[in-house]
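Chemist: Structure in structure tokens, see below.
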Amino acid sequence: MSSHALGNEPQHITDNPSRTPSGPPPRTALAARIALVVLLVAELMDILDQSVVLTALPAIQSSTGAGPAAVQWLTAGYSLTVAVGLITGGRLGDLHGRRRILLIGTAVFITASLLCGLATGPGVLIGARVLQGVGVALMIPQVLATLHVTFDGENRSRAFGLYGAVLSLANVLGPVLGGLLTEADLFGLSWRPIFLINVPVGVAVILLGRRVIPESTVERADRLDLTGVLLSAAAIVLILFPLTEGHTHHWPLWCFAMLGAGFLVLGVFLSHQRRKQNRAPLVALSVFRGRQFSGGLSAQLTLGLLCGLFFMTWSLYLQRGLGMSPFHAALAFVLLSLGELAGATIAARSAGRFARRLPQAGALISLASMAAYGVQIGSRQADLDLLAMTGPVVLIGFGLGMVGGPLADMALADVPHEDAGSASGLFNTAMHLGIALGTALTAVVFFAATGGSPDGGVNRDAFTGVLWWVGGILALMWGLMFCLPRRAAGRND
């Protein structure tokens with residue numbers, strides 16, 4: 001495959017020469033750069049929508065009369081739909097064209113965003129958020145898959161590095177943008193612009209993407225494995241729903257029954273996929289034969305586990321343990337995200353030269369910074385302020401920022417192009433599953449220790465215990481990265 005470069009002249013990419021793209025293929029280096037920007041903007045729009053709503057929830061609840069359960073489902077309904085649809089969305093891109101499915105997903109997403117902005121009651125808003133999740137499940141796998149099949153060599157590593165930087169940028173912009181747009185009350189619309197802003201951005205993605213993103217498909221378009229779709233969706237719902245809702249309901253028996261049923265259905269799904277391997281399966285199990293993808297997928301799962309455990313408990317520690325206001329706690333998250341952005345920028349500029357050493361170094365930096373933060377918490381207790389914690393917090397983010405982009409790049413590097421969408425869907429699903437597992441783990445390692453007490457000392461001690469778990473997860477992630485390549489492609493050092 002030729003180099004489709006940030007600096008070289010790109011060509012139209014298609015794994016099926018009989019297919020013709022619906023828009024003109026890019027012909028210049030400028031078009032390649034624009035295609036990369038469009039893909040990254042689509043990713044940014046997806047990730048922003050997961051967090052931008054958080055700071056607007058009080059205003060949404062006030063204006064729509066939504067109760068606590070409805071507010072919870074504004075985020076849970078969206079996240080669950082995304083997780084359920086990622087594998088199917090990725091395979092649809094493989095079979096019917098990754099650009100085509102990306103643009104269809106974008107159209108669904110902006111339609112749902114418009115419905116969110118026009119909603120007057122919680123029912124319509126929740127339904128529109130679920131529809132947004134459908135659009136995102138179609139969009140997200142196509143971004144990683146298109147980067148995988150379009151760019152080669154250093155340009156590929158640089159593109160994945162920028163992908164990681166965009167994820168970090170979204171973490172900074174999401175809560176801030178949600179708060180600013182809600183506070184600004186543009187045209188008296190209160191919280192609605194946080195959704196309506198997606199419409200012009202999404203239209204631009206569709207118009208530019210149709211012209212500059214190269215189309216790519218598998219060599220032969222088979223029918224979608226509908227039985228596999230239903231089994232995978234059922235397994236994910238049965239596993240993720242109780243993990244998401246279990247703590248809220250104090251882990252009743254039905255949660256464990258659903259989890260058991262979920263793993264049973266997962267076994268049936270894998271058996272079905274083994275029988276379908278020569279007849280257009282939903283997931284090509286051959287991608288798991290190499291340790292590079294399996295190890296990278298496992299590392300992605302542990303990264304999600306870390307995020308689900310650390311970020312929730314850290315927020316509670318900042319506010320309950322240190323008595324910070326929500327605003328000051330948000331500033332702490334901004335500090336971490338800025339560090340993450342700096343680490344992701346370093347990863348993008350390295351263009352894959354350090355192979356697995358770069359994300360492993362990031363994991364070790366985060367691990368050392370977590371340890372320093374734990375020592376600081378133990379010594380400063382309730383006197384710890386935002387300025388004092390800036391150093392370790394920024395370094396924690398810096399280390400994590402060095403992980404995301406390179407991990408995705410190397411995990412997908414050996415995946416055949418015809419399975420790029422399916423593998424990308426699996427990779428993103430691993431993150432969602434990890435976050436759900438990490439969130440569920442908080443009940444064991446944090447809430448069980450606090451017993452719901454608002455006492456600052458109790459919450460500080462509980463969070464110190466969480467840091468031991470986070471350190472163990474980081475060490476596990478570092479170890480799993482030994483499955484990734486030791487040397488960058490084309491280098492002998």
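The values are calculated or read from the model by the stated rules, or taken from the named source; none is laboratory data. Bear in mind that the values here come from a model prediction, so they are computed numbers and not experimental data. Heads up, the Cβs are rebuilt from the backbone with ideal geometry, glycines too, and the neighbour counts pull from every protein chain shown. Protein only, heavy atoms only, side chains kept; ligands, DNA and RNA dropped before computing areas. Shrake-Rupley method; radii C 1.70, N 1.55, O 1.52, S 1.80 Å.
Chemist: Would you check if there is a residue in segment 174-197 being open to solvent by less than 30 Å² (accessible area, probe 1.4 Å) and under 29 Å from Glu418 (Cβ atoms)?
Modeler: So far as segment 174-197 goes, no, none of its residues is open to solvent by less than 30 Å² (accessible area, probe 1.4 Å) and under 29 Å from Glu418 (Cβ atoms).
Chemist: Looking at segment 201-216 only, could you name the residues that are hydrophobic (A, V, I, L, M, F, W, C) and open to solvent by 20 Å² or more (accessible area, probe 1.4 Å)?
Modeler: Residues satisfying the conditions are Val201, Val203, Ala204, Ile206, Leu207, Leu208.
Chemist: Spot the failing condition for Pro281; the list is (1) surrounded by 17 or more Cβ atoms within 10 Å (Cβ to Cβ); (2) at pLDDT below 85; (3) closer than 30 Å to Gln72 by Cβ; (4) not hydroxyl-bearing (Ser, Thr, Tyr), and only one is missed.
Modeler: (3)
Chemist: Kindly provide the set of residues from segment 423-440 that are under 20 Å from Met139 (Cβ atoms), open to solvent by less than 10 Å² (accessible area, probe 1.4 Å) and not aliphatic (A, V, I, L, M), ordered by number.
Modeler: Passing the criteria: Ser424, Gly425, Phe427.
Chemist: Still on this model: How many residues does segment 61-77 contain that are part of a helix (DSSP H, G or I), in contact with a helix residue (DSSP H, G or I) (Cβ under 7 Å, 6 or more places away or on another chain) and under 24 Å from Leu240 (Cβ atoms)?
Modeler: 6
Chemist: Report every pair of residues separated by at least 6 positions or lying on different chains whose Cβ atoms are under 9 Å apart, first residue within segment 321-337 and on the phi > 0 side of the Ramachandran plot, second surrounded by fewer than 20 Cβ atoms within 10 Å (Cβ to Cβ).
Modeler: Gly323/Ala382; Gly323/Gly456
Chemist: Determine whether segment 192-205 contains at least one residue that is over 25 Å from the mean Cα position of the chain (by Cα) and either modelled with pLDDT of 85 or more or among the β-branched types (Val, Ile, Thr) (or both).
Modeler: no
Chemist: Kindly indicate which of Val84, Val130 is β-branched (Val, Ile, Thr), open to solvent by 10 Å² or more (accessible area, probe 1.4 Å) and more than 15 Å from the chain's Cα centre (by Cα).
Modeler: Going through Val84, Val130 in turn, the sole match is Val130.
Chemist: Which of (1) open to solvent by 20 Å² or more (accessible area, probe 1.4 Å); (2) touching a helix residue (DSSP H, G or I) at 6+ places or on another chain (Cβ under 9 Å); (3) in a loop (DSSP other than H, G, I, E, B) is the odd one out, the single condition Val415 does not satisfy?
Modeler: (1)
Chemist: Still on this structure, I have one more. Residue pairs, Cβ under 9 Å, 6 or more apart or interchain, first in segment 452-464 and surrounded by 12 or more Cβ atoms within 10 Å (Cβ to Cβ), second among the hydrophobic types (A, V, I, L, M, F, W, C) and not in a helix (DSSP H, G or I). List them.
Modeler: Going by the 9 Å Cβ cut-off, the qualifying pairs are Gly456/Leu322; Asn459/Leu322; Arg460/Leu322; Arg460/Leu384.
Chemist: Next question, about the same structure. Could you tell me which numbered condition Arg275 fails, if it satisfies all but one of (1) exposed (fewer than 15 other Cβ atoms within 10 Å of the Cβ); (2) under 30 Å from Met481 (Cβ atoms)?
Modeler: Only one criterion is unmet by Arg275, namely (2).
Chemist: Hand me the list of helices (runs of 4 or more DSSP H) wholly inside segment 161-280 holding 1 or more residues that are in contact with a helix residue (DSSP H, G or I) (Cβ under 8 Å, 6 or more places away or on another chain) and under 18 Å from Gln132 (Cβ atoms).
Modeler: Of the helices (runs of 4 or more DSSP H) lying wholly inside segment 161-280, those with at least 1 residues that are in contact with a helix residue (DSSP H, G or I) (Cβ under 8 Å, 6 or more places away or on another chain) and under 18 Å from Gln132 (Cβ atoms) span 193-196, 198-212, 226-245.
Chemist: Take Thr111 and tell me if it is surrounded by fewer than 23 Cβ atoms within 10 Å (Cβ to Cβ) and either modelled with pLDDT under 95 or touching a strand residue (DSSP E or B) at 6+ places or on another chain (Cβ under 7 Å) (or both).
Modeler: For Thr111, the condition - surrounded by fewer than 23 Cβ atoms within 10 Å (Cβ to Cβ) and either modelled with pLDDT under 95 or touching a strand residue (DSSP E or B) at 6+ places or on another chain (Cβ under 7 Å) (or both) - is not met.
Chemist: Suppose we keep only residues that are in a loop (DSSP other than H, G, I, E, B) and open to solvent by 10 Å² or more (accessible area, probe 1.4 Å) within segment 385-401. Which one would you say is modelled with the lowest pLDDT?
Modeler: My answer is Asp385.
Chemist: Which number in (1) touching a helix residue (DSSP H, G or I) at 6+ places or on another chain (Cβ under 7 Å); (2) surrounded by fewer than 23 Cβ atoms within 10 Å (Cβ to Cβ); (3) at pLDDT 85 or above; (4) assigned to a helix (DSSP H, G or I) marks the one condition that Pro406 misses?
Modeler: The failed condition is (2).
Chemist: In segment 338-347, how many are open to solvent by 10 Å² or more (accessible area, probe 1.4 Å) and either of a type in the set (Gly, Ala, Ser) or touching a Lys or Arg at 6+ places or on another chain (Cβ under 6 Å) (or both)?
Modeler: 1
Chemist: I'd like the residue in segment 316-329 that is touching a Gly at 6+ places or on another chain (Cβ under 8 Å) and assigned to a helix (DSSP H, G or I) and, out of all such residues, is surrounded by the fewest Cβ atoms within 10 Å (Cβ to Cβ).
Modeler: The extreme case among them is Arg320.
Chemist: Now for a different question. More than 30 Å from Pro454 (Cβ to Cβ), at pLDDT below 90 and not in a helix (DSSP H, G or I), is that true of Ala355?
Modeler: yes
Chemist: Exactly one of (1) over 15 Å from the mean Cα position of the chain (by Cα); (2) within 23 Å of Ala330 (Cβ to Cβ); (3) surrounded by 24 or more Cβ atoms within 10 Å (Cβ to Cβ) is unmet by Ala420. Its number?
Modeler: Evaluating Ala420 over (1) over 15 Å from the mean Cα position of the chain (by Cα); (2) within 23 Å of Ala330 (Cβ to Cβ); (3) surrounded by 24 or more Cβ atoms within 10 Å (Cβ to Cβ) leaves (2) as the failure.
Chemist: Kindly indicate whether any position in segment 306-315 is open to solvent by 10 Å² or more (accessible area, probe 1.4 Å), within 30 Å of Asp414 (Cβ to Cβ) and touching a residue at least 24 places away in the same chain (Cβ under 8 Å).
Modeler: Checking segment 306-315: at least one residue is open to solvent by 10 Å² or more (accessible area, probe 1.4 Å), within 30 Å of Asp414 (Cβ to Cβ) and touching a residue at least 24 places away in the same chain (Cβ under 8 Å).
Chemist: Something else now. With the structure loaded, tell me whether Ala372 is without any contact (Cβ under 8 Å) to a residue 60 or more places away in the chain, part of a helix (DSSP H, G or I), more than 24 Å from the chain's Cα centre (by Cα) and farther than 19 Å from Ala411 by Cα or whether it fails that test.
Modeler: Here the answer is yes, as Ala372 does meet what is asked.
Chemist: Something else now. Among the listed residues Ala443, Ala449, Ala475, which satisfies the condition of being closer than 30 Å to Ala413 by Cα and open to solvent by 10 Å² or more (accessible area, probe 1.4 Å)?
Modeler: Testing whether each residue is closer than 30 Å to Ala413 by Cα and open to solvent by 10 Å² or more (accessible area, probe 1.4 Å) leaves just Ala475.
Chemist: In segment 362-383, how many are buried (at least 19 other Cβ atoms within 10 Å of the Cβ) and of a type in the set (A, V, I, L, M)?
Modeler: Going through segment 362-383 one residue at a time, the tally reaches 5.
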